[in-house]
Amino acid sequence: MATTTGKKVETTKVKANSAHGLRDLFEVGLKDIYYAEKILSKTLPKMAKNASTPELATTLNKHLTETNEHISRLKKIFEVTGIKPEAKKCAAMEGILKESDEMIKKTDLGNVRDASLIASEQKVKHYEIATYGTLHAFAKTMGENKAADLLAMTLDEEKKADAGLTKLAMASINNNAFKADALTNPRM
């Protein structure tokens, strides 16, 4: 047990198949985001179908196209790094998408649901930005320049998608969803 400021803190025991270096962390991260992108590609059509604003449906369908491109790009990254292309369950993405599905069930079709869809998709984008940013830094550190370039492309696309969602939300959807509050809560 280690101590910090007089408190005893237990360290976690390492599993037999744990990561021992940066390359191991890189591999785990690649497999994690590969799974995340694959599950997202199955979820985005439902999100688009539940959008009432045509611009949001179009945006979500565009994200589906980009997600499929990201999957293809990840396959190239596996190839150039010599890592076996495998998907490792991503509990974080599953949690975000489960929450999104619950919000669809708890909201009426319209601006409130659209606002929740944007919020869910932005949570997805933020997870992807964090993951691709980390993987890019790992690849650069390891001298995996081809992988780093491919990861940088995806990272840039994820950032642009996030900015587009914010613009869409702020243009009208959030305001229209807020107006629904006045109808259901006259004190506002």
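For the range 153-169, a residue qualifies if it is more than 14 Å from E66 (Cα to Cα) and in contact (Cβ under 8 Å) with a residue 12 or more places away in the chain, and the qualifying residues are L165, T166, L168, A169.
Scanning the range 118-171 for residues that are over 30 Å from K49 (Cα atoms) and among the hydroxyl-bearing types (S, T, Y) yields a count of 2. Selection of first residues in the range 67-78 that are of a type in the set (D, E, K, R) and of second residues that are surrounded by fewer than 18 Cβ atoms within 10 Å (Cβ to Cβ), restricted to Cβ pairs under 9 Å at least 6 apart or on distinct chains, gives the following pairs, ordered by first then second residue: R73/M153; K75/P85; K76/K146. When each of E79, E86, E69, E55 is tested for being under 19 Å from Q122 (Cβ atoms) and not aromatic (F, W, Y), the lone residue that passes is E55. Checked against (1) farther than 23 Å from L44 by Cβ; (2) at pLDDT 95 or above, R187 passes all but condition (2). Of the residues contained in the range 96-108, none is found to be in contact (Cβ under 8 Å) with a residue 60 or more places away in the chain, part of a helix (DSSP H, G or I) and of a type in the set (A, V, I, L, M, F, W, C).
Candidates are the residues of the range 1-59 that are in a loop (DSSP other than H, G, I, E, B) and closer than 24 Å to I77 by Cα; the one that is modelled with the lowest pLDDT is N17.
Results for (1) under 20 Å from K38 (Cβ atoms); (2) surrounded by 15 or more Cβ atoms within 10 Å (Cβ to Cβ); (3) modelled with pLDDT of 95 or more, shown as yes or no for each residue.
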site: K84; (1), (2), (3): yes, no, yes
site: K98; (1), (2), (3): yes, no, yes
site: E121; (1), (2), (3): yes, yes, yes
site: I129; (1), (2), (3): yes, yes, yes
site: Y132; (1), (2), (3): yes, yes, yes
site: L135; (1), (2), (3): yes, yes, yes
site: F138; (1), (2), (3): no, yes, yes
site: L150; (1), (2), (3): yes, yes, yes
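The values are calculated or read from the model by the stated rules, or taken from the named source; none is laboratory data. Quick caveat: nothing in here was measured; it's all calculated off a predicted structure. Cβ sites come from the backbone with ideal geometry, for glycine too, and all protein chains shown count toward neighbours.
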